[in-house]
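Beneath this line is the structure, given in structure tokens, with notes to follow.
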Amino acid sequence: MKDSEFCRHILGVVAPWDVSRVACDPEHKRIDVWIKSQQGESWFGLRRTLECATCGRVFNLRQALQEHTWQHISIGTFKVFVHAELPADPDCADKPGCCLSQPWLGARAGALSEALEQQIGQLLRLRLPEAEIARLTGVDTGEVQRLRSQRRGASDAASVMERAGEDDADDIPPRQHPIWARLLSGEMDAQIKTLSLKLLLSRIRAQARPDDGAARLADIDNLRRYFLKHRHSLRSEMVRIFH
Amino acid sequence: MPQAALMRIEEVAALIRQGRSLALAGDEAALEGLPQGRWIGGTIPYFMTAAGGLSSRERIFVHDVSDWGAQPSIRYYALDELHRVARDAPDHGVSLIIIPAGSEVHSAYARNAPNYDDMYLKPLLGWVAGVHLSELGQRAPRVYDGLLGTSVSDCAVVMHIPLPATRHALIDIVNPFQPGAGEIITFAATGFEAADCLIDGRPANLADYYRDRALDTRLPLVADYCGAPINVSIRQVHYRERRVEFYAPVFPGVEYRLARPLPDYLVDFAAAMPPAAARAVFSCNCILNYLYGELEGRQTQGMVGPFTFGEIAYQLLNQTLVYLTFDDATS
């Protein structure tokens with residue numbers, strides 16, 4: 001098996017992406033992987049705009065592509081660095097299923113891949129010391145500290161958002177509650193009155209991928225976020241759905 | 001002064017000079033003469049008025065939004081910025097959008113708006129600017145940023161209006177069309193036109209389907225969005241080329257049926273109109289309803305506003321009346 005094929009499998013690289021080059025530096029225990037779109041420059045470079053095949057977002061391609069490098073989850077004792085060229089304004093990368101949402105990609109200004117950030121997040125939840133997390137993941141302690149403060153900020157913001165309603169979120173079930181799956185599947189006749197909820201729920205159902213657990217959780221979060229924001233005008237729906 | 005009315009150009013100019021915040025609809029010649037100020041506009045010369053449907057190149061339809069909430073912000077959205085429109089909207093407010101018909105932003109919004117960040121979370125409504133029907137293909141519809149004093153045909157213009165905490169914006173539609181009892185039509189891809197489709201699950205050609213059954217192309221395809229009938233209007237059936245063009249895209253995963261015929265649009269419109277619509281502070285209706293429903297000189301249950309080349313209640317709609325009401329909490 002070639003290095004590029006090995007890396008494609010181990011990193012989970014799928015179309016439209018492919019591994020174009022791999023460099024291994026045993027002395028410094030480092031592997032560099034370059035990932036490009038299969039269509040090469042034509043996928044991003046020739047047309048004025050790109051419409052993401054998955055989420056339909058249109059990108060401006062008149063700007064130059066930028067190469068980014070992210071540290072990814074280590075393979076054994078070797079640190080892994082992923083290099084990829086991306087359009088400058090990839091705002092749909094946070095959408096589940098978007099071709100720009102890949103575990104080996106990271107934030108444009110970030111140093112770590114999404115998967116590595118998630119791994120560190122799990123270790124932070126276990127309340128391990130920052131230095132220990134840095135040792136386990138091969139990441140600088142400074143990056144771990146940055147992620148810890150970022151998570152604290154996000155948690156505070158979420159708390160503020162959830163408290164912003166007239167009362168607390170006790171009237172809206174947590175994301176794990178089976179009511180969300182019933183609502184998404186259409187198994188429950190919610191007799192919805194509000195247009196925006198009808199449209200949101202229809203869009204989610206039309207695009208549902210039942211075999212993709214992460215996408216399903218994102219759909220539930222999206223729907224739950226809607227209820228948190230609009231609870232004041234959804235009293236009748238909430239009574240029917242949640243009680 | 002009513003908050004929504006058809007006015008003469010000099011009356012509108014006076015409102016602008018008074019510092020009122022306005023959303024305007026009118027012919028290009030009428031809008032071009034207005035002074036700079038806090039207004040947005042789009043070209044269209046067809047209106048629902050208290051006196052009935054009419055066409056005018058000299059008058060402008062005014063929605064005065066000054067008292068809705070705080071001072072609005074106005075900006076254009078180019079093609080590569082359009083996906084931010086809901087995200088940029090105030091966390092608690094309402095946003096009015098006008099998009100020029102036939103532009104790239106029109107196409108992109110129609111196809112992609114359901115997937116934009118914060119779509120459906122923040123109230124967003126508006127319409128698609130057009131031209132007099134005698135000028136189709138000769139003039140480009142335009143939208144206006146009154147603060148800049150400019151107009152464009154390749155961007156959307158949006159007025160973001162923050163609302164008081166006690167006021168909630170509610171967007172709804174009046175659509176007298178309901179899915180008929182015919183076959184279920186589904187499509188494999190998003191698009192403004194289609195050839196191949198599934199009809200009751202069997203592969204078929206949509207143009208052939210229209211030809212073989214001599215179907216009325218004035219009737220939209222209707223999908224049931226959790227109880228909301230959502231139309232896709234037929235722009236043209238190309239029988240020889242065996243393809244059908246639409247005024248809004250069809251989407252995969254959505255089941256469509258040809259609408260039930262309406263013997264009299266206004267009768268069915270009145271039956272479909274909920275009581276809350278009487279409190280509408282903003283509304284717009286489709287130019288196809290004006291044409292097919294023969295609404296010239298006929299009143300639409302007190303609803304007033306422009307007849308447009310597309311209506312926006314979060315996403316692009318066809319042959320539908322869109323309206324906005326406020327729910328004002330007492331505390």
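At-a-glance table
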| read-out | value |
| --- | --- |
| Hits in the stretch A:100-148 (condition: among the small types (Gly, Ala, Ser), surrounded by 16 or more Cβ atoms within 10 Å (Cβ to Cβ) and in a helix (DSSP H, G or I)) | A:Ala115, A:Ala134 |
| Residues that are in contact (Cβ under 8 Å) with a residue 40 or more places away in the chain and within 17 Å of B:Asp327 (Cβ to Cβ), drawn from the stretch A:230-242 | A:Arg231, A:His232, A:Leu234, A:Ser236, A:Glu237, A:Met238 |
| Flag if B:Leu79 is at pLDDT 95 or above, touching a Ser or Thr at 6+ places or on another chain (Cβ under 7 Å) and within 14 Å of another protein chain (Cβ to nearest Cβ) | no |
| From B:Tyr120, B:Tyr109, B:Tyr144, residue being surrounded by 23 or more Cβ atoms within 10 Å (Cβ to Cβ), in a loop (DSSP other than H, G, I, E, B) and either in contact with a Phe, Trp or Tyr (Cβ under 9 Å, 6 or more places away or on another chain) or more than 14 Å from chain A (Cβ to nearest Cβ) (or both) | B:Tyr120 |
| Selection count where residues are in contact with a Phe, Trp or Tyr (Cβ under 7 Å, 6 or more places away or on another chain) and either without any contact (Cβ under 8 Å) to a residue 40 or more places away in the chain or farther than 12 Å from B:Tyr46 by Cβ (or both), scope the stretch B:127-140 | 1 |
| Qualifying residues in the stretch B:33-57 (those that are more than 18 Å from the chain's Cα centre (by Cα) and at pLDDT 95 or above) - the one surrounded by the most Cβ atoms within 10 Å (Cβ to Cβ) | B:Trp39 |
| Positions within the stretch A:204-214 being surrounded by fewer than 18 Cβ atoms within 10 Å (Cβ to Cβ) and either on the phi > 0 side of the Ramachandran plot or of a type in the set (A, V, I, L, M) (or both), in sequence order | A:Ala206, A:Ala208, A:Ala214 |
| Among (1) within 28 Å of B:Val250 (Cβ to Cβ); (2) modelled with pLDDT of 85 or more - the single one A:Arg216 does not satisfy | (2) |
| Residue count, the stretch B:159-184 (criterion: small (Gly, Ala, Ser), surrounded by fewer than 18 Cβ atoms within 10 Å (Cβ to Cβ) and within 14 Å of chain A (Cβ to nearest Cβ)) | 1 |
| Among residues of the stretch A:149-197, those that are at pLDDT 80 or above and assigned to a helix (DSSP H, G or I), counted | 11 |
| Boolean, B:Ala156 is buried (at least 17 other Cβ atoms within 10 Å of the Cβ) and either over 19 Å from the mean Cα position of the chain (by Cα) or at pLDDT below 95 (or both) | no |
| Test: residue in the stretch B:167-182 that is without any contact (Cβ under 8 Å) to a residue 12 or more places away in the chain and farther than 24 Å from B:Gly126 by Cβ | no |
| Of residues in the stretch B:273-331 being among the charged types (D, E, K, R) and within 14 Å of chain A (Cβ to nearest Cβ), the one nearest to the chain's Cα centre (by Cα) | B:Glu311 |
| Residues satisfying the stated conditions in the stretch B:13-32, i.e. closer than 21 Å to B:Ala70 by Cα and crowded, with 23+ Cβ neighbours inside 10 Å | B:Ser21, B:Leu22, B:Ala23, B:Leu24 |
| For B:Ile44: the one exception among (1) more than 14 Å from chain A (Cβ to nearest Cβ); (2) out of contact with any Pro (no Cβ under 6 Å at 6 or more places or on another chain); (3) β-branched (Val, Ile, Thr) | (2) |
| Members of the stretch B:169-191 found to be in a strand (DSSP E or B) and within 21 Å of the chain's Cα centre (by Cα), listed by number | B:Ala169, B:Leu170, B:Ile171, B:Asp172, B:Ile173, B:Val174, B:Pro179, B:Gly191 |
| Residue match in the stretch B:221-233 (condition: modelled with pLDDT under 95, away from chain A (no Cβ under 12 Å) and surrounded by fewer than 19 Cβ atoms within 10 Å (Cβ to Cβ)) | no |
| Per-region count, the stretch A:209-233, residues assigned to a helix (DSSP H, G or I) and within 14 Å of chain B (Cβ to nearest Cβ) | 16 |
| Within the stretch B:210-226, tally of residues that are part of a helix (DSSP H, G or I) and closer than 27 Å to B:Glu294 by Cβ | 3 |
| Lone qualifier among B:Arg87, B:Arg75, B:Arg139 - being under 26 Å from B:Ala228 (Cβ atoms) and basic (Lys, Arg) | B:Arg87 |
| Residues of the stretch A:193-207 satisfying the condition of being farther than 16 Å from A:Leu228 by Cα, of a type in the set (A, V, I, L, M) and within 8 Å of another protein chain (Cβ to nearest Cβ) | A:Leu195, A:Leu199, A:Ala206 |
| Filter result for B:Pro90 (assigned to a loop (DSSP other than H, G, I, E, B), touching a residue at least 24 places away in the same chain (Cβ under 8 Å) and farther than 30 Å from A:Ala218 by Cα) | no |
| Among the candidates A:Leu217, A:Leu199, residue that is out of contact with any strand residue (DSSP E or B) (no Cβ under 7 Å at 6 or more places or on another chain) and of a type in the set (A, V, I, L, M, F, W, C) | A:Leu217 |
| Filter pass, A:Glu187 being within 12 Å of chain B (Cβ to nearest Cβ) and touching a helix residue (DSSP H, G or I) at 6+ places or on another chain (Cβ under 9 Å) | no |
| Condition met for A:Ala208 (more than 23 Å from B:Ala313 (Cβ to Cβ) and either among the small types (Gly, Ala, Ser) or touching a strand residue (DSSP E or B) at 6+ places or on another chain (Cβ under 9 Å) (or both)) | no |
| Residue count for the stretch A:86-97, restricted to those that are at pLDDT 60 or above and crowded, with 19+ Cβ neighbours inside 10 Å | 1 |
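The values are calculated or read from the model by the stated rules, or taken from the named source; none is laboratory data. Note that the structure is predicted; figures quoted are calculated from it, not measured. Don't worry about glycine lacking a Cβ; one is built from the backbone with ideal geometry, like all the others, and counts go over all protein chains shown.
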